[in-house]
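Heads up, the thing below is written out as structure tokens.
The values are calculated or read from the model by the stated rules, or taken from the named source; none is laboratory data. Values in this document were obtained by computation on a predicted structure and should not be read as measured data. All Cβ positions, even for glycine, are placed from backbone atoms using ideal geometry, and neighbour counts span all protein chains on display.
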């Protein structure tokens, strides 16, 4: 019994290590916001979404297998959520049965096993019913196989057989235990006592000894358990454990839940984004060698999720480009654009939809990010050292066919030296077959690359309208030696009336 | 005047007592790490408000210096620590009561707590009576404690608690369980059934065998069955339990307020002494600084970053100490030099020295003359964050503007590597404007920058340079010395160290 909804021919990976770059990519691309939207407050969904998004598929065919399953899920969200809920309920009920017990006495283990098996049987029947009702309307290879399996493995004869095995067992006898008062007046030194000659039943009517009685009502489960626990403390010597035949069924539900969790996450994300009118598309994964990268209306879904309105989309035409340089003023939407490319590539290679009107890109063997960071809190490294140390880590893992996204890398030293370091690294990466998207305000660097450019490099910069306003849109263009420091300084440090004169200065610089 | 507080001689010295959140400069100076380390393991004392309440007068600082000198004696420290442990145990019991519902159980924990309180307080008074104390704080406290322990209220409490505990320890009872019925009676000497069984089969014993007993949860609370059993025990021993009821009513508020406050406040000293002990053992020096509310002629010899030292002390012992002084009109330490040269650490150290001095604590250094500021401000570059949609440079300028608006001539400002994310041109313009405004305010400050020009801006500026080893540019001494800025930066050498030159990087990716 295998679900096989994430991969055509194997279980989804539950626990192996994520790629070494995963933490950096998560932080740099603000992946947390996207994953939170997929999770919708559910920690399990969060974990599965994180693992799926960061464990990129490198094979276009494997990507398409998932895209088709996801397409079915989007067409029948209620059915998919119902199957998921069945799996979750089964697992949670099993867990509750476990944690609801305070002791591990043989009585308790037997009681629990019967309960859990009864519950599991009910859940398997529900799964069968879903398959009977809905299998015909699903189209994807993944779901078709899954429903077929349920119908054949969980046929009526089998379910009947399982029910026949469910039985109850219980035995009781009177027990005499002595105790004293410990800290907090809690019972101390429980010792099983041997009643004197006559049986206890014979002694009670005699009534020559002072004593007080109480009973535990039948419906008081906690009381029954507490009493069993008390007795176990006294007995604590004779226990025979029962086999745990429920483990295999639990493993099936666990895998089903883990695989569906990814699609539930996609449904959640889709509801958030499509709900506010953002476009989503099924991306076209192309072979690595084709060097495709074309998008219309590409936006940063994490940013969009945080904004009230819709995010600004960008068009990209970077087919056959190995280097995309993004230059220009602060606050022009460069970092956002960089994140939108990284997220689109990751989402495509996870088998998800992409935040764009259309998106076509070659699959990459790995996705790496190198973003400027705040100083290392452990204090042992300076900023440049920290940046180089991270790039050193990337250099140790990156291979031809990967994608590297850089955001203001090597800006922590002065402009001349930062440019020189970056130039050498970019050149080595490009010649090795790594695709690089690089955001920088290092004019020296951008200008040098522009001067020596050939057909494999694309240069983008933020659009600035004539009135000086920023549109957060990027357009192809030569890097400009502009800066806005004095402009901002006067705006912030001088009185309001002068601000009007200042913005016209900025326009003059821009031109 | 009678004793009030071991931290504040005058109540008005605790003017900042309501502050609950760390000021923004804490993170920049890594004082947040220091505060967390100090508070760790001492959560129940809530020391944070004390760490957040700097003193503003010389007498208030001297009051603490005296107390700390007494606490340097290990016998004084031992007596104080022993008392703290006793009261911590007591509070653990009292905290339990809040979570419990059963009367006899709550009352017994209360009795146990009172007994611990009495024993700990008696023992503390006895120990501290034999010690030589010099500080105004501790001599005042000892006088108070002696009067309290000799009082009628206290001696009666201690005697009654002891007697009642002895009576409860004598209680023995039996529990009989049959089905859902439970009967509780007095223990009448019935034989130990387990021992009986063991004896019966002792003749078969061949050697050591596995222990099959189940381990039981040792919870402090009771389930309702245990509680009902206890209720029955109470009816079996009515006089003993009536006395328990009575005790709890009469001594409901037995903890003395002044002792309670002392117990919490003295932890502030112990926490700091505990924090610096490993550093002193590693050979680092601490001193009681000479503080002033007026003189800006400040300086320190062989001082160091306490947070960095605490991190290094765990790993390796090499901490570099630095000295500085400001004379005459000098106010601003302008720190330049290669990246990873210890500039940031120096800036932190400067801020930490002043803050720790204003807490009345020994500061990390051989000697120090320091200023008691009205407020402190820092500006360290922040990581880019999507939550903040303003441009980086604009954001930075706004924050600096806020600092310059709020700072007075009695403030201390520490700025680290501002404008690193803008162009060289902008950084030059903005930096000189800021430094000029700092010197106009006549306040004490440190300005860390990669731009040499500021070091000689005016007579208030003093140039400090991070030195390097001439033959090995990638190596760092972390020594910051007073000398003219020399314009050296060694970024390329560091790139080589990480194997990120063009040639090396190509070889690495190919392999």
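Report yes if residue B:381 is at pLDDT below 90 and touching a strand residue (DSSP E or B) at 6+ places or on another chain (Cβ under 8 Å), otherwise no.
Considered against the rule, which asks whether it is at pLDDT below 90 and touching a strand residue (DSSP E or B) at 6+ places or on another chain (Cβ under 8 Å), residue B:381 comes out as yes.
Filter the stretch A:403-428 down to the residues that are facing chain B (nearest Cβ under 7 Å) and under 30 Å from the mean Cα position of the chain (by Cα) and list them by number.
A:408
Hey, which of the helices (runs of 4 or more DSSP H) in the stretch B:182-295, taking only ones fully inside, have at least 1 residues that are closer than 28 Å to residue B:5 by Cβ, out of contact with any strand residue (DSSP E or B) (no Cβ under 7 Å at 6 or more places or on another chain) and modelled with pLDDT of 70 or more?
Of the helices (runs of 4 or more DSSP H) lying wholly inside the stretch B:182-295, those with at least 1 residues that are closer than 28 Å to residue B:5 by Cβ, out of contact with any strand residue (DSSP E or B) (no Cβ under 7 Å at 6 or more places or on another chain) and modelled with pLDDT of 70 or more span B:257-281.
Among the numbered conditions (1) crowded, with 24+ Cβ neighbours inside 10 Å; (2) away from chain B (no Cβ under 12 Å); (3) under 21 Å from residue A:28 (Cα atoms); (4) touching a helix residue (DSSP H, G or I) at 6+ places or on another chain (Cβ under 8 Å), tell me where residue A:359 comes up short.
Condition (3) is where residue A:359 drops out.
Of the residues that make up the stretch B:252-273, is at least one without any contact (Cβ under 8 Å) to a residue 40 or more places away in the chain, over 25 Å from residue B:66 (Cα atoms), touching a helix residue (DSSP H, G or I) at 6+ places or on another chain (Cβ under 9 Å) and surrounded by fewer than 24 Cβ atoms within 10 Å (Cβ to Cβ)?
Taking every residue of the stretch B:252-273 in turn, at least one turns out to be without any contact (Cβ under 8 Å) to a residue 40 or more places away in the chain, over 25 Å from residue B:66 (Cα atoms), touching a helix residue (DSSP H, G or I) at 6+ places or on another chain (Cβ under 9 Å) and surrounded by fewer than 24 Cβ atoms within 10 Å (Cβ to Cβ).
Within the group A:445, A:475, A:460, which residue is more than 23 Å from residue B:504 (Cβ to Cβ) and either without any contact (Cβ under 8 Å) to a residue 40 or more places away in the chain or more than 34 Å from the chain's Cα centre (by Cα) (or both)?
One residue alone meets the criteria, A:475.
What number of residues in the stretch A:305-332 are under 30 Å from residue A:485 (Cβ atoms) and either touching a strand residue (DSSP E or B) at 6+ places or on another chain (Cβ under 7 Å) or buried (at least 20 other Cβ atoms within 10 Å of the Cβ) (or both)?
Total meeting the criteria: 15.
Does any residue of the stretch A:354-367 turn out to be on the phi < 0 side of the Ramachandran plot and modelled with pLDDT under 90?
No, the stretch A:354-367 contains no residue that is on the phi < 0 side of the Ramachandran plot and modelled with pLDDT under 90.
Determine whether the stretch A:447-461 contains at least one residue that is surrounded by 18 or more Cβ atoms within 10 Å (Cβ to Cβ) and within 13 Å of another protein chain (Cβ to nearest Cβ).
No, because not a single residue in the stretch A:447-461 is surrounded by 18 or more Cβ atoms within 10 Å (Cβ to Cβ) and within 13 Å of another protein chain (Cβ to nearest Cβ).
Evaluate the following for residue A:309: is it within 13 Å of chain B (Cβ to nearest Cβ) and in a loop (DSSP other than H, G, I, E, B)?
Answer is yes for this residue.
What residue, of B:302, B:327, is without any contact (Cβ under 8 Å) to a residue 60 or more places away in the chain and either more than 14 Å from every other protein chain (Cβ to nearest Cβ) or under 22 Å from residue B:484 (Cβ atoms) (or both)?
B:327
I'd like to check something: does the stretch B:32-51 contain any residue that is without any contact (Cβ under 8 Å) to a residue 24 or more places away in the chain, within 17 Å of residue B:267 (Cβ to Cβ) and touching a helix residue (DSSP H, G or I) at 6+ places or on another chain (Cβ under 8 Å)?
yes
Mind checking whether some residue in the stretch B:495-505 is part of a strand (DSSP E or B) and either within 10 Å of chain A (Cβ to nearest Cβ) or at pLDDT 80 or above (or both)?
Scanning the stretch B:495-505, I find no residue that is part of a strand (DSSP E or B) and either within 10 Å of chain A (Cβ to nearest Cβ) or at pLDDT 80 or above (or both), so the answer is no.
Can you tell me which residue is farthest from residue B:153 (Cα to Cα) among those in the stretch B:100-122 that are under 27 Å from the mean Cα position of the chain (by Cα) and away from every other protein chain (no Cβ under 14 Å)?
Ranking the candidates gives B:120 first.
Using the structure shown, decide if residue B:341 is in a loop (DSSP other than H, G, I, E, B), touching a strand residue (DSSP E or B) at 6+ places or on another chain (Cβ under 6 Å) and within 14 Å of chain A (Cβ to nearest Cβ).
yes
Determine whether the stretch B:141-155 contains at least one residue that is more than 9 Å from chain A (Cβ to nearest Cβ), surrounded by 15 or more Cβ atoms within 10 Å (Cβ to Cβ) and not in a helix (DSSP H, G or I).
No: zero hits.
Return yes when residue B:487 is at pLDDT 80 or above, in contact with a helix residue (DSSP H, G or I) (Cβ under 7 Å, 6 or more places away or on another chain), in a loop (DSSP other than H, G, I, E, B) and surrounded by fewer than 21 Cβ atoms within 10 Å (Cβ to Cβ) and no when it is not.
no
Take the conditions touching a strand residue (DSSP E or B) at 6+ places or on another chain (Cβ under 6 Å), buried (at least 20 other Cβ atoms within 10 Å of the Cβ), more than 7 Å from every other protein chain (Cβ to nearest Cβ) and at pLDDT below 85 and apply them to residue A:187. Does it pass?
It is false that residue A:187 is touching a strand residue (DSSP E or B) at 6+ places or on another chain (Cβ under 6 Å), buried (at least 20 other Cβ atoms within 10 Å of the Cβ), more than 7 Å from every other protein chain (Cβ to nearest Cβ) and at pLDDT below 85.
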